[in-house]
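Scroll down for the structure; my scribbles are underneath it.
The values are calculated or read from the model by the stated rules, or taken from the named source; none is laboratory data. Just so it is clear, the structure is predicted and the values come from calculations on it, not from any experiment. Cβ: placed from backbone, ideal geometry, glycine included. Neighbour counts: every protein chain shown.
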Amino acid sequence: MRAQDFSTVSQTTFPSAAHIMEKFMKTQEYIQLEERHGAHNYHPLDIVIQRAEGVWVHDVEGNKYLDFLSAYSAVSQGHCHPRIYQAMVEQAKKCTLTSRAFRNDQLALFYKELTELCGMEMALPMNSGAEAVETAVKTARKWGYEVKGVPDNKAEIIVCNGNFHGRTTTVISFSSDPEYKKHFGPLTPGFVFVPYGDVAALEKAITPNTVAFLVEPIQAEGGVLIPPAGYLAKAGEICRKNNVLVMFDEIQTGLGRTGKMFAYQHDTGAKPDMLILGKALSGGFYPVSAVVANSETLGVFQPGHHGSTFGGNPLACAVAREALRVIIEEKLVERSAEMGHYFRERLQTIKSKHVKEVRGRGLLIGVELKPEAGGARRFCEALKEEKLLCKETHEHVIRFAPPLVITREELDWAFDRVKKVLETMT
Ligand SMILES: *Cc1c(COP(=O)(O)O)cnc(C)c1O
């Protein structure tokens, strides 16, 4: 069946026709439908995934691929992890949503387990990562006015050039990427930029009105950029001296991705006042995010100050609780460190005229290509032909971030393909 048949059919007999046609649809039909009816806000690789398990995904043509992106680290536990699936189904039978108008029997335990894991006192649950960042911004500002004593509407938050914190209007207001902001204004004021990794610039940027410093321990979207050793600890020291909150966005780097539970733990002495989590917090089953902090900051919220209909719902909490248990009980943090080290060592042996640098921590790895390599996208396309799914980030970097459950044999399988593509492509 051809794609052009769809528009006429779907107008007259929707929705039943779609179900019938689904059985006959192949990659190109899905792509055409998507292009016609969906906003073009992504540039995906042209593979249509139908099912997935562990590190493997299967497309509608019956091809099998190794997932080397893990939905930007949201499926660190592997696709459709059986334990998280079980927890989700069990909870879905019982109760999915109460809203926070009433209490539910999952939220309290989620709070307890999450705050213990983070070594903090309180948490505030949201759904997407960007919402959690918004929550952190609101918390810092409210803390600034009510605890620190900053004059109303004067609060400043320091952020880093090259950051990625999400896509809401306020969050893009403090992106340094013009593409993220163009024609989305007027933007939210109150943000100050400093170069990433530069302690002196941070110190200079602090004013009496600075309430927080928001930073990613590794800039993952920015190209897997690792700051100089000691940066987070020194930045924290300066912030504390000036009564400025330290907020680590660990949405992508947290929960084992970099070979530590949290990426800031690579930096001895670094300590957050606020941790922002998302992505792998649910193992990819459901959007779950949270801000985790102490009572001095999260304690500023009173009823009515902030909320979300779905935030903290029992289904989300049950899923997140199991997702965290899987990370701990399957020793995925240790696994990430070990496998990441192994894979990076192997990558260093590749002799390719295109590669400028291989870097990373744990299973968050960036292969930076030379500018003359013509961009990372064509290499990702070539790897896709080899049945390895990767995504470029920031034009010249290929990011490798497989599910943390990946085995040494699977990494070897991937390595052969990466080596072939990097060494043979002209
Ligand atoms: C993905 C990501 C976000 C945004 O999360 P969404 O769930 O896409 O809103 C924020 N910060 C970092 C570091 C991320 O990687």
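Values computed for the structure shown
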read-out	value
Flag if Met261 is part of a strand (DSSP E or B), assigned by TED's automatic domain parsing to the domain that holds Glu203 and in contact (Cβ under 8 Å) with a residue 12 or more places away in the chain	no
Members of segment 38-70 that are more than 16 Å from the ligand (Cβ to nearest atom) and in contact with a Ser or Thr (Cβ under 9 Å, 6 or more places away or on another chain)	Asp46, Ile47, Val48, Val55, Asp59, Val60, Glu61
Criterion violated by Ala18 - all others in (1) of a type in the set (Gly, Ala, Ser); (2) at pLDDT 95 or above; (3) not in a loop (DSSP other than H, G, I, E, B) satisfied	(2)
Among (1) within 16 Å of the ligand (Cβ to nearest atom); (2) surrounded by fewer than 24 Cβ atoms within 10 Å (Cβ to Cβ), the one test that Met247 misses	(2)
Segment 100-120 - residue that is surrounded by fewer than 16 Cβ atoms within 10 Å (Cβ to Cβ) and not in a helix (DSSP H, G or I) and, of those, nearest to the ligand (Cβ to nearest atom)	Gly119
Selection count where residues are over 15 Å from Tyr85 (Cβ atoms) and assigned to a helix (DSSP H, G or I), scope segment 284-315	5
Meets criteria (surrounded by fewer than 22 Cβ atoms within 10 Å (Cβ to Cβ), touching a residue at least 40 places away in the same chain (Cβ under 8 Å) and farther than 25 Å from Asp273 by Cβ) for Lys94	yes
Answer from Ala130, Ala136, Ala140 - the residue that is buried (at least 24 other Cβ atoms within 10 Å of the Cβ), assigned to a helix (DSSP H, G or I) and within 15 Å of the ligand (Cβ to nearest atom)	Ala136
Inter-residue pairs, beta-carbon under 8 Å, first basic (Lys, Arg) and in segment 49-78, second in a strand (DSSP E or B) and more than 16 Å from the ligand (Cβ to nearest atom), 6+ apart	Arg51/Val57; Arg51/His58; Lys64/Trp56; Lys64/Val57; Lys64/His58
Extreme residue, farthest from the ligand (Cβ to nearest atom), among residues of segment 71-99 that are of a type in the set (Ser, Thr, Tyr) and either in contact with a Gly (Cβ under 8 Å, 6 or more places away or on another chain) or part of a loop (DSSP other than H, G, I, E, B) (or both)	Thr98
